[in-house]
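Here is the structure we will look at.
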Amino acid sequence: MNDDLAAIRRVLAGDVEHFAVLVRRHQGPLCGLVRSLLPRSADWEDVAQDVFLAAYANLATFDPTRAAFRTWLFTIARNRCRNALKRRRPELPGVLPEELDVHTPEEEARRREWFEQLDAALEALPFEQRTAFVLAEIQNLSLEEVGRIEGVSVGTVKSRLGRARQKLRAALAPAPEPP
Amino acid sequence: MSPDDVFDAWKRRRAEAEAPPGFAERVQDAVRRRTPPRRFPVLRVAVGVAAVAACLFRIAATLGLFLEP
């Protein structure tokens with residue numbers, strides 16, 4: 001947090017190159033967030049880059065007394081993703097990194113199938129529920145931070161999160177046996 | 001693998017998603033092509049204040065025509 005503030009001050013003082021420090025520090029979580037909010041997106045990297053450029057252009061308006069830099073950045077990301085989804089075209093499936101766990105081929109195939117089911121279920125969630133789930137469960141933000149980003153109360157975040165979890169877990173439920 | 005394990009593994013995989021190679025450099029290149037952010041909108045505030053002052057002066061001058069003895 002303090003490191004972010006020091007970097008922001010340097011950028012605002014004219015040291016443009018120091019913005020790279022902020023990008024390197026936050027690029028992983030930000031790309032993960034954008035990738036999760038833009039399902040199967042082929043151009044999520046453009047949106048992620050656009051988020052950083054918007055942050056740079058509006059850096060003077062960042063108020064550290066209101067939110068952490070990461071929360072502010074994620075708010076921009078959330079809004080940019082929402083706009084991108086509005087003008088979304090059919091896109092190629094996104095690719096996520098593979099885990100390096102060792103499984104038998106059968107386990108691996110089954111796991112892959114489950115992951116695909118979860119990816120599809122995440123994509124099918126309404127935007128508000130998806131954002132709440134990704135921010136709280138994948139990015140590990142507090143409910144207060146999620147509420148700040150979404151502009152809603154903690155109670156509303158909890159409710160969206162509960163519904164999102166329910167739908168995602170339902171994606172893992174075994175299909176009923178045919179009669 | 002239980003459904004809970006699958007669910008946690010899936011969340012972990014999503015959380016571990018990384019930026020593509022060279023991403024920070026591409027952002028920084030785009031940043032360099034942009035004008036540096038203004039620390040404070042000093043010029044904009046100064047222009048606004050000057051405009052308000054000019055407006056008040058004109059109003060006072062116009063009112064002065066009618067208020068002269």
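The values are calculated or read from the model by the stated rules, or taken from the named source; none is laboratory data. This is a predicted model, so every value here is computed, not measured. Methodologically, a virtual Cβ is constructed for each residue, glycine included, from the backbone with ideal geometry; neighbour enumeration extends over all protein chains shown.
May I ask you to verify whether residue A:60 is without any contact (Cβ under 8 Å) to a residue 40 or more places away in the chain, more than 16 Å from residue A:148 (Cα to Cα), part of a helix (DSSP H, G or I) and of a type outside the set (Asp, Glu)? Criteria not met by residue A:60.
Taken over the range B:21-45, the criterion of being within 7 Å of another protein chain (Cβ to nearest Cβ), at pLDDT 90 or above and outside any helix (DSSP H, G or I) is satisfied by no residue. Looking only at residues in the range A:41-56 that are touching a helix residue (DSSP H, G or I) at 6+ places or on another chain (Cβ under 9 Å) and small (Gly, Ala, Ser), the one that is surrounded by the fewest Cβ atoms within 10 Å (Cβ to Cβ) is A:54. The numbered conditions (1) closer than 25 Å to residue A:143 by Cα; (2) at pLDDT 90 or above are all true for residue A:20 except (1).
Please enumerate the residues belonging to the range A:23-51 that are among the basic types (Lys, Arg) and at pLDDT below 90. Across the range A:23-51, the qualifying residues are A:35, A:40.
Checked against the criterion of being at pLDDT 95 or above and surrounded by 15 or more Cβ atoms within 10 Å (Cβ to Cβ), the candidates A:160, A:111 yield just one match: A:160. Within the option set A:38, A:59, A:22, A:30, being more than 10 Å from chain B (Cβ to nearest Cβ), buried (at least 19 other Cβ atoms within 10 Å of the Cβ) and closer than 23 Å to residue A:81 by Cβ holds for one residue only, A:38.
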